Each structure stands twice: as C-alpha cells, then as structure tokens.
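Presented below is the structure to which this report refers.
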C-alpha cells in the first residue's frame with residue numbers, strides 16, 4: 001500500500017508549467033493552420049438553414065470545442081451551487 | 001468441438017461458475033480466465049440461425065439466436081471478461097468470482113436469446129448477479145447502494161415483464177423481434193421503459209453512479225461493461241429507428257458530462273461517463289439506419305474496451321492507495337507510471353483521439369446524424385464529443401495522476417493488473433489504427449446496404465490519409481477543448497462533496513415521504529384511537545347496554561311501585577335490572593316470558609293482517 005516518504009512532504013503547486021502552455025497553444029495553432037491546407041468535408045449540403053451552412057465556416061470546430069467546453073465548465077460550476085452537497089448528506093437515509 | 005455449436009455460450013459460463021465454486025482459489029481464478037476464453041471460442045464456432053427450442057409452459061423457447069449482432073456483442077463480452085479476470089488475479093473471493101461469471105453468462109444469455117421469456121429470465125439473473133458485485137465490497141455504503149440498486153432493477157424488471165406480457169397477449173408470439181415488441185402501443189412503451197432503466201437513461205440514470213463506485217475493484221470493471229450494453233443490444237433488437245431515442249440519447253450525453261465535471265470521486269466520474277457514452281449509442285439506435293446501427297455495435301464494442309481499461313486504471317489506483325477521491329489523489333505518475341500511461345490510453349480512446357478505437361467507432365454515429373439531417377442531434381453529439389475529452393479524457397487522468405502531489409508513494413500496480421490493462425490498451429490502439437477486424441464482425445445485413453463507403457474504408461491510409469480532413473477537425477475540437485480545460489482550471493478545483501442526482505427522490509424524498517406518511521397516517525390513527533376506539537365505541541356500548549335497561553325499567557316502574565312503593569326498593573330493583581342487562585344474565589323465566597310475549601304479539605299481528 002502507500003508508503004510514507006522519509007522527508008516531510010511539501011505538496012507541489014497545482015500549476016501548469018510554462019512549457020506545457022506553449023505546447024498547448026502550439027498544438028491549437030497547428031490545428032488551425034491545418035484547416036487552411038486541407039479542404040474540409042461539407043456538412044448538410046442539402047440543407048438550406050443558415051445554421052447548417054455556418055457549420056462549414058472556417059474554424060467551426062475551433063469555436064465549437066472551446067465554447068462547448070467553456071460553457072460546460074461554467075454550467076457545471078453554476079449548477080454546483082445548487083447540486084453539491086456534503087459527503088455525509090445521505091448518511092441518515094437508507 | 002461440434003458440441004460448442006449447440007450450447008448457449010452463457011450456459012458455459014454459468015455452469016462453469018458452479019463447478020469453479022468447488023475449486024481452490026488459484027484454480028478458480030485460472031478457471032474463470034479459461035471459461036471466458038472458451039466462451040469466446042464457442043461464439044466463434046456458432047453458425048448463424050436459430051436453434052435449441054425447449055418448451056416451457058406451452059411456449060417454444062429459442063435459447064440460441066445467432067447472427068452478426070449477437071456474435072459481435074458476444075465477442076466483446078467474453079473478451080472483456082477475459083481481460084477483467086486476468087486483471088483481478090488478486091481477488092480471492094469465491095462469491096465475487098462466481099457472481100462475475102454468472103453476470104457475464106446471463107448477459108450472454110440475453111444477447112443470444114431468441115424469445116422474450118429467455119430474455120427476461122437472463123435479464124433478471126443479470127440484476128441479481130451484479131448486485132453481489134456491489135455487496136462484495138462489504139462496507140455499509142456498498143450494502144445500502146446494493147439495496148437501492150436491486151430495488152431499481154427489480155422495478156425496471158417488473159415494468160419490462162408487464163410489457164412482455166402485454167406483447168404476448170397482443171401478438172400471441174414470444175419472439176424477441178422488433179415486430180412483436182412494438183405491435184401493441186402500451187406493450188411497446190412498457191418494454192422501452194424497462195430497457196431504458198437498464199440503459200441508465202435520464203431520469204432513470206442515478207442508480208448507476210450510485211452503485212458502481214461502491215462496488216469492489218473487480219466488480220466495477222464488470223459492471224461498467226454489461227448491464228448498460230445489454231440494454232443497448234436490446235434497443236437495437238427492438239427499437240431501431242425509434243426517433244424518441246434521439247433526444248433521450250442526446251440528453252444522456254450532456255447529463256453525463258455535467259455531472260462528471262461536478263464529481264470528486266474518480267470512479268463516479270467514470271460512472272457518469274458511461275451514461276454519456278451510452279447516450280451516443282441510444283441516439284444511434286434512434287437514428288436507426290443500417291450505418292447507424294453498425295456504428296452503435298462498433299461503438300459498444302470499443303466502449304467496453306476503453307471503459308473497462310479506465311475502470312481498471314482507477315481500480316489499480318484504489319488497490320494501491322485505498323483512495324478514490326480526487327481531493328485525496330494526485331501526483332501518482334511518479335510511482336505508478338505504467339498505470340498512468342495505460343489509463344491515459346483509455347482516456348484518449350474514449351475521447352475519440354485519432355489512432356484510437358473511439359475515433360473509428362463514435363465518428364460513425366455522428367456521421368449518420370449528419371447524413372440523415374438531424375442537425376440538432378448532430379450538434380449535440382459534436383458538443384458531447386468535446387465534453388468527453390473534457391471530463392474523461394483530461395479530468396480523470398489529470399486529477400488522479402497529476403495535479404497536486406499529495407505525498408502518496410504507492411507501488412506500481414501488480415503484474416496481472418498491468419497485463420489486463422495492457423491487453424485492453426493494445427486493443428484501443430490496434431483497432432484505432434486497423435479497424436478492419438472490428439468492421440468485419442459488424443452486422444452484415446447493415447454493411448451490405450451502406451450508403452457510402454464509410455465502413456468499406458477500413459485501412460489505415462483510407463481513414464487517416466484519404467479522410468485527413470476529418471482527422472484535422474477532430475484534432476481542432478480536442479485541442480481547443482483541452483485549452484478550455486486548462487484556461488478554466490481554477491474553476492475545476494475539486495471539493496470534498498457529492499452531487500445531488502435523481503436518486504434524491506428515493507433517498508431523501510422517500511425519507512420525507514415516510515415522515516409525512518408517518519405523521520399524517522399515524523396521527524390519523526392516534527386520533528381515531530382516542531376519539532373512536534376509546535371514546536365513541538365505549539359510549540355506544542354503554543348506550544347499547546343502558547338504553548334497553550332504562551326503557552325496561554321505565555316500563556316496569558308502575559309494576560314495581562305497585563309491588564313495593566318504597567323508593568329504596570325501586571332503586572334496588574332498577575340496579576338489579578341494569579346489572580342483568582349488562583351481564584346478559586336473566587332468569588330463564590324472564591326470557592321465557594319475553595319469548596311468550598313476542599310470540600303472542602306476532603300471532604296478534606298475523607291475525608290482524610289477515
């Protein structure tokens with residue numbers, strides 16, 4: 001099982017390193033550049049809805065990925081105010 | 001091996017489980033691995049068609065219906081069991097080993113059942129066997145969770161049974177086919193509801209994150225694979241193209257993400273993630289085209305592999321540290337690097353990262369939503385794809401293996417665990433790079449009618465070179481999801497809390513209902529006791545006794561006064577009369593006189609009437 005370290009343990013700071021940030025931004029940048037080079041598959045060709053055609057716009061997946069995840073995090077944070085409870089919340093129930 | 005052609009594969013595992021009960025621990029564990037392998041082999045030997053038709057209560061059962069769909073599910077069920085039994089070599093519990101084998105066997109029973117009675121019996125056997133995998137944790141929490149789990153499943157089972165009986169009554173057939181299941185409207189919705197409870201569809205979903213994280217390490221792996229995927233299989237059989245399933249599936253995908261983001265317990269995060277993933281499959285069944293169904297089968301196959309892998313990595317962490325909360329874990333990459341790498345492969349596969357199995361299966365379902373012009377469903381599935389990366393792809397490995405080093409220095413997972421995880425991690429990457437073996441076992445009837453060459457393009461170059469644009473868009477979606485995760489990381493700080501889910505209604509709600517019922521009904525009971533039992537009824541009794549005595553005394557008073565004018569004597573006679581009325585003891589002469597008087601009156605009345 002878990003072993004206690006010999007020296008008094010000092011926790012790491014829960015930060016993300018600068019190198020990681022650079023790598024992440026580079027990855028995002030490369031993914032955007034690739035779209036310039038590769039013709040995308042056209043969605044909903046037969047549909048005449050404006051939203052359907054918007055899905056074929058440049059950077060649609062960039063916006064979708066970032067906005068969907070940001071919204072999910074913010075929504076979860078907001079709902080957390082309502083839905084989070086102490087761990088012993090159900091202790092007195094069957 | 002011709003015998004294996006005509007034995008239901010589930011029966012091999014169930015009978016084997018009984019035999020293994022007699023063996024010592026090591027032989028039992030080796031036997032379980034061998035049984036899973038034998039089951040896989042037996043399925044590979046089965047020929048398409050129906051066989052084994054015993055009669056029960058006048059109904060001709062079909063114990064073995066073999067086609068591409070049942071074989072695909074059979075393969076993955078036994079393959080997962082094989083890896084899970086290797087992983088669980090540390091587990092010596094006789095009950096757990098048996099329960100797991102019976103659970104897998106009964107799931108195979110459902111998959112190969114050709115009639116509704118066999119389906120239902122195996123369905124309920126699954127519920128019972130799986131409950132033991134939660135109970136085996138032997139904690140107070142697991143005991144209560146198992147109690148709630150079996151109650152939910154028995155309720156779902158009864159709803160399903162009601163639907164099956166209605167369907168049999170309406171059609172006169174017990175065949176487990178879409179036509180029989182959906183012919184009668186009421187039967188259809190009962191059956192659908194019974195299945196959706198097992199599929200953990202919202203709002204009948206909370207039993208899953210309630211019970212699975214309370215199971216044993218071994219139990220969690222098995223539970224993650226069978227109940228919900230068997231439900232998906234029955235949806236494929238009974239309700240392909242049922243459009244109601246599209247919004248239900250979409251809601252499941254989003255619900256799973258939000259709750260997984262809220263959760264602190266690593267196994268509960270994975271439990272919510274199951275609901276999210278099953279949502280994709282339910283949606284695919286709702287779309288219902290040949291390609292969509294093929295996509296659902298493919299996704300169920302890949303999902304079982306990477307989800308079991310994720311539960312294994314979480315199980316290895318739990319085994320080594322005894323902890324499962326993100327607030328107590330972190331920094332484990334330092335001493336459990338192999339578990340971290342294997343778990344991360346599972347996390348990447350569930351996120352559909354290119355070159356992993358999720359990419360070659362989930363994208364089929366999303367593509368069919370687009371092909372069939374389900375614009376909003378397509379958008380929700382794309383959003384959910386991003387969300388999967390957020391909660392399962394990054395959150396799970398980040399908070400367990402990285403984040404804050406909390407000073408935990410556990411050993412690396414034991415070798416059998418690493419072998420079990422390694423096998424599944426290999427499959428995640430192998431199928432992602434070379435999906436032909438997977439596509440080859442998908443339902444042929446569906447493949448033959450493919451509108452596009454989607455599944456024909458099974459080579460690496462066809463998927464990753466010819467359709468490089470799809471790789472780029474997936475790459476963008478995932479990269480910017482990761483960016484959002486790290487930008488908003490401070491908002492994702494874990495707290496030692498739980499999340500209130502729909503089970504609140506039967507946990508807290510039931511308690512309140514009990515309190516209300518207790519106060520109202522027992523209050524009513526107490527009031528009835530006080531005013532009716534203790535006041536009104538004695539008063540009525542007294543009245544019933546005293547009133548005739550008083551009337552009689554009034555009638556006799558002139559006679560008594562004539563016999564004895566003394567007031568004291570009158571009072572004494574009156575008291576004696578009341579006492580006689582009260583005890584019901586009259587001298588025989590009195591009774592005879594009364595009878596005589598009544599008879600005389602009757603005769604008189606009779607004559608008057610004449």
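The values are calculated or read from the model by the stated rules, or taken from the named source; none is laboratory data. Please read all numbers here as calculations on a predicted model, not as lab measurements. When we count neighbours, we look across all protein chains shown, and the Cβ atoms used for this are built from the backbone with ideal geometry, even at glycine.
Does segment B:401-413 hold any residues that are more than 12 Å from every other protein chain (Cβ to nearest Cβ) and either without any contact (Cβ under 8 Å) to a residue 12 or more places away in the chain or farther than 13 Å from residue B:342 by Cα (or both), and which are they? Step through it out loud before you land on a result.
At the first step, the residues of segment B:401-413 found to be more than 12 Å from every other protein chain (Cβ to nearest Cβ) are B:401, B:412-413.
Answer for segment B:401-413, where residues must be more than 12 Å from every other protein chain (Cβ to nearest Cβ) and either without any contact (Cβ under 8 Å) to a residue 12 or more places away in the chain or farther than 13 Å from residue B:342 by Cα (or both): there is none.
Check segment B:358-380 and report whether any residue there is free of Cβ contacts under 8 Å to residues at least 12 places away in the same chain, closer than 23 Å to residue A:45 by Cα and not in a helix (DSSP H, G or I). Yes. Only one of the listed residues (A:85, A:63) is in a helix (DSSP H, G or I) and either more than 7 Å from every other protein chain (Cβ to nearest Cβ) or under 25 Å from the mean Cα position of the chain (by Cα) (or both). That residue is A:63.
Of everything in segment A:31-60 that's surrounded by fewer than 14 Cβ atoms within 10 Å (Cβ to Cβ) and part of a helix (DSSP H, G or I), which residue is nearest to the chain's Cα centre (by Cα)? Looking at the filtered set, the residue picked out is A:33.
Every listed requirement among (1) loosely packed, with under 10 Cβ neighbours inside 10 Å; (2) modelled with pLDDT under 80 is met by residue B:555 save one, (2).
In segment B:457-477, how many residues are more than 7 Å from every other protein chain (Cβ to nearest Cβ) and assigned to a helix (DSSP H, G or I)?
Residues of segment B:457-477 more than 7 Å from every other protein chain (Cβ to nearest Cβ): B:457-467, B:471, B:474.
Those left that are additionally assigned to a helix (DSSP H, G or I): B:460-466, B:471, B:474.
Final tally of qualifying residues: 9.
Right, residue A:90: in a loop (DSSP other than H, G, I, E, B) and surrounded by 15 or more Cβ atoms within 10 Å (Cβ to Cβ) or not? Yes, satisfied. Within the bounds of segment B:489-497, is there any residue that is facing chain A (nearest Cβ under 10 Å), more than 32 Å from the chain's Cα centre (by Cα) and crowded, with 16+ Cβ neighbours inside 10 Å? Within segment B:489-497, one or more residues are facing chain A (nearest Cβ under 10 Å), more than 32 Å from the chain's Cα centre (by Cα) and crowded, with 16+ Cβ neighbours inside 10 Å.
The selection criterion, being in a helix (DSSP H, G or I) and either facing chain A (nearest Cβ under 8 Å) or within 14 Å of residue B:328 (Cβ to Cβ) (or both), does not hold for residue B:392. Take the conditions in contact with a helix residue (DSSP H, G or I) (Cβ under 8 Å, 6 or more places away or on another chain), at pLDDT 90 or above and in a loop (DSSP other than H, G, I, E, B) and apply them to residue B:410. Does it pass? Judged against the criteria, residue B:410 is a match.
Among the residues of segment A:66-80, those identified as under 13 Å from residue B:492 (Cα atoms) and either more than 7 Å from chain B (Cβ to nearest Cβ) or buried (at least 19 other Cβ atoms within 10 Å of the Cβ) (or both) are A:69, A:70, A:71, A:72, A:73, A:74, A:76, A:78.
Looking at segment B:558-581 only, could you name the residues that are closer than 17 Å to residue B:545 by Cβ and surrounded by 13 or more Cβ atoms within 10 Å (Cβ to Cβ)? Working first, answer last.
Going through segment B:558-581, the residues closer than 17 Å to residue B:545 by Cβ turn out to be B:574-581.
Of everything in segment B:558-581, those that are closer than 17 Å to residue B:545 by Cβ and surrounded by 13 or more Cβ atoms within 10 Å (Cβ to Cβ) turn out to be B:574, B:577, B:578, B:580, B:581.
A single entry from B:397, B:416 fulfils the requirement of being farther than 20 Å from residue A:43 by Cβ and within 28 Å of the chain's Cα centre (by Cα): B:397. Taken across segment B:252-261, residues that are within 26 Å of residue B:78 (Cα to Cα) and more than 14 Å from the chain's Cα centre (by Cα) do not occur at all.
Residues in segment B:337-359 that are over 20 Å from residue B:274 (Cβ atoms) and either touching a helix residue (DSSP H, G or I) at 6+ places or on another chain (Cβ under 6 Å) or buried (at least 23 other Cβ atoms within 10 Å of the Cβ) (or both) were compared, and the one that is nearest to the other protein chains (Cβ to nearest Cβ) is B:354.
So that you can scan it fast, the table gives a plain yes or no per residue for (1) modelled with pLDDT of 95 or more; (2) over 22 Å from residue B:500 (Cα atoms):
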site	(1), (2)
B:183	no, yes
B:188	yes, yes
B:195	yes, yes
B:211	yes, no
B:215	yes, no
B:231	yes, yes
B:235	yes, yes
B:245	yes, yes
B:253	yes, no
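Within segment B:498-524, restricting attention to residues that are at the interface with chain A (Cβ under 7 Å from one of its Cβ atoms), part of a helix (DSSP H, G or I) and without any contact (Cβ under 8 Å) to a residue 60 or more places away in the chain, which residue is surrounded by the fewest Cβ atoms within 10 Å (Cβ to Cβ)?
From segment B:498-524, those at the interface with chain A (Cβ under 7 Å from one of its Cβ atoms) are B:498-500, B:507-508, B:511; that's our starting set.
After this cut, where a residue has to be part of a helix (DSSP H, G or I) as well, the list is B:507-508, B:511.
Filter again for without any contact (Cβ under 8 Å) to a residue 60 or more places away in the chain, leaving B:508, B:511.
Values: B:508: 16, B:511: 14.
Out of the qualifying residues, it is B:511.
If you go through segment B:29-72 and pick out every residue that is surrounded by 21 or more Cβ atoms within 10 Å (Cβ to Cβ) and farther than 30 Å from residue B:218 by Cβ, you end up with 2.
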